[in-house]
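Chemist: Quick one: the structure is below, questions incoming.
The values are calculated or read from the model by the stated rules, or taken from the named source; none is laboratory data. All figures in this text were calculated on a predicted structure; none of them were measured in a lab. Cβ placement follows ideal geometry from the backbone for every residue including glycine, while neighbour counts extend to all protein chains displayed. In case anyone asks, the SASA skips ligands and DNA or RNA and just uses the protein heavy atoms, side chains included. Shrake-Rupley method; radii C 1.70, N 1.55, O 1.52, S 1.80 Å.
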Amino acid sequence: MTGCIVGWSHMPFGKHEGEDVESMIVKVAAEAVADAGFEPKDVDAVYLGHFNGGFSPQDFTASLVFQSSDDFRFKPATRVENACATGSAAVHQGLHLIAAKKARVVLCVGVEQMTRLPGKQIGETLLKASYLKEEAGIEGGFAGVFGQIAQAYYQRHGDQSDALAMIAAKNHANGVHNPYAQMRKDLGYEFCRNESEKNPFVAGPLKRTDCSLVSDGAAALVLTDVETALGRDKAIAFRAAAQVNDFLPLSKRDIIQFEGCGEAWRQALGAAGVGLDDLSFVETHDCFTIAELIEYEAMGLTAPGQGARAVKEGWTHKDGKLPVNPSGGLKAKGHPIGATGVSMHVLTSMQLRGDAGDMQIKDAKMGGIFNMGGAAVANYVSILEPLR
């Protein structure tokens with residue numbers, strides 16, 4: 001254990017026409033530092049998670065954090081990017097700096113503004129997180145990539161339409177209680193299961209309700225070493241943190257195995273000295289419902305090909321043996337790329353503090369986070385628990 005989360009900020013995700021990347025960064029950075037009981041002059045370093053890739057014209061963004069206070073001037077600030085795991089990459093970089101004893105207080109911010117682009121351009125921008133030499137021609141952008149993954153899974157293990165609809169319905173029901181979620185509406189199983197004018201097929205067997213939302217948003221947190229955290233009002237410790245990267249081309253992997261995800265979970269659980277049964281809940285990367293299904297298997301909740309069992313038997317519901325995405329996940333919360341991983345860490349910390357309101361998991365003692373970039377290429381797992 002080398003680092004702790006001692007403060008945070010999270011703005012609602014959605015379409016923010018009156019905001020830009022700078023204004024969102026400034027807002028959450030200032031709020032997180034204040035929430036941790038620090039002042040900007042106390043921060044030793046800044047990491048900003050911002051994918052961009054063409055979503056916004058401002059592409060050099062690390063020092064925009066300084067717009068929140070002149071007292072940040074001359075501190076090291078670095079932009080971090082690792083596709084859809086960009087936010088977790090920023091958090092883990094902060095942990096590394098603290099572990100190296102190069103910093104005592106680190107501010108980590110995640111941000112993205114996606115909604116200003118037209119739909120086709122959004123798809124093209126997201127597809128840049130794939131292996132373009134082989135995958136640039138996939139129809140439907142990244143939805144098309146996961147549509148192919150879903151089709152391959154169906155071919156090997158049978159039609160999973162019922163299970164995917166159950167995952168979507170579960171996450172939307174959970175999202176009703178998340179004040180930061182973009183969509184706070186319980187859509188119900190029947191709506192998610194059936195094709196309709198409002199829920200058309202998007203790519204392969206995936207319907208609109210199988211796909212996470214295009215969002216604007218930002219979140220921030222403050223990391224400290226353990227000694228400093230002991231003097232703070234809030235202190236959520238990292239029991240473990242693991243990063244595993246896999247090959248970028250889909251052609252070099254079994255695309256329905258998510259082997260990098262599985263390896264990241266094995267490393268994190270091993271380092272923490274715990275098993276899945278010790279976790280009170282998990283926040284996982286449901287960019288598409290098929291991703292959550294496969295992640296059940298990769299984390300070891302079920303055997304390969306049996307992920308549907310976890311949702312059909314209620315294991316992953318809020319009152320199940322391992323609640324998954326009590327926040328509503330990316331599916332309901334939205335997925336502003338650079339902000340997602342930071343958001344996951346903030347919402348997990350809120351659960352472990354007992355401050356999650358109507359999202360709260362009873363007696364939450366330890367939480368797991370899985371955030372991935374690309375199709376299980378960049379894989380980050382964090383295991384958090386209260387410091388005291």
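Chemist: With the crude spin-label approximation of a point 7 Å out along Cα→Cβ, what separation in nm comes out for ASP277 versus ASP70?
Modeler: 6.0 nm
Chemist: Now a separate question. For the pairs LYS15/LYS41; LYS41/LYS365; LYS101/LYS365; LYS128/LYS331; LYS27/LYS102, note any where the Cα-Cα span goes beyond 23 Å.
Modeler: Checking Cα-Cα distances, LYS15/LYS41; LYS41/LYS365; LYS101/LYS365; LYS27/LYS102 exceed 23 Å.
Chemist: Follow-up question, since we're still on this one. With the convex hull built on the Cα atoms of segment 37-113, state its orientation-averaged projected area in nm². Provide the component values of the computation, followed by the final result.
Modeler: On the way: hull surface 20.7 nm².
The orientation-averaged projected area of the Cα hull of segment 37-113 comes to 5.2 nm².
Chemist: Another question about this same structure. Based on Cα positions only, what radius of gyration and what Dmax would you give for segment 54-180, in angstroms?
Modeler: 19.4, 58
Chemist: Right, something else. Expressed in nm to one decimal, what extension gain is obtained for the pair GLN257 and HIS157 from 0.36 nm per residue of sequence separation less their Cα-Cα distance? Before the final figure, lay out each step's value.
Modeler: Numbers: separation 100, 0.36 × 100 = 36.00 nm, distance 1.20 nm.
Extra length from GLN257 to HIS157 when fully extended: 34.8 nm.
Chemist: Taking the alpha-carbon distance from LYS252 and a cut-off under 16 Å, which aspartates and glutamates remain once sequence neighbours fewer than 8 residues away in the same chain are dropped?
Modeler: Those aspartates and glutamates meeting the cut-off are GLU134, GLU135.
Chemist: Taking only DSSP H segments of four or more residues, each worth -39500 (n - 2.57), what value at 222 nm results for the chain once the sum is divided by all its residues, to the nearest 500 deg cm²/dmol?
Modeler: -10000 deg cm²/dmol
Chemist: As an exercise, find the ratio Rg/Rh for segment 191-335 from alpha-carbon atoms, using the Kirkwood inverse-distance average for Rh.
Modeler: Values: Rg = 17.4 Å, Rh = 17.4 Å.
A ratio of 1.00.
Chemist: Using only Cα atoms, locate the centre of segment 131-168 and the centre of segment 187-222, then give the distance between them in Å, rounded to an integer.
Modeler: Spelled out, the Cα-based centre of one part sits 14 Å from the other.
Chemist: Among THR78, THR209, TRP265, which residue has its Cα furthest toward the positive end of the charge dipole of the chain, with +1 on Lys/Arg Cβ and -1 on Asp/Glu Cβ?
Modeler: TRP265
Chemist: Which distance in nm do the two modelled labels at TRP315 and LYS133 give, with both placed 7 Å along the Cα-to-Cβ direction?
Modeler: 3.8 nm
Chemist: Ignoring ligands and nucleic acids, what accessible area does TYR154 show with a 1.4 Å probe (Å², nearest 10)?
Modeler: For TYR154, the solvent-accessible surface is approximately 30 Å².
Chemist: With axes computed from alpha carbons, what is the tilt in degrees of helix 259-272 against the longest principal axis of the chain, rounded to the nearest 10 within 0 to 90?
Modeler: 40 degrees
Chemist: Roughly what % of Cα-Cα distances in segment 303-388 sit above 20 Å, to the whole percent?
Modeler: 39 percent
Chemist: Oh, and also: Over all distinct Cα pairs, what is the inverse of the mean 1/r for the chain, reported as the Kirkwood hydrodynamic radius in Å? It would help to have the intermediate numbers written out before the result.
Modeler: Details: mean 1/r = 0.0491 Å⁻¹.
Kirkwood radius, the chain: 20.4 Å.
Chemist: For helix 161-175, what angle does its Cα long axis make with the longest principal axis of the chain, in degrees from 0 to 90 and rounded to 10?
Modeler: Computed tilt is about 30 degrees.
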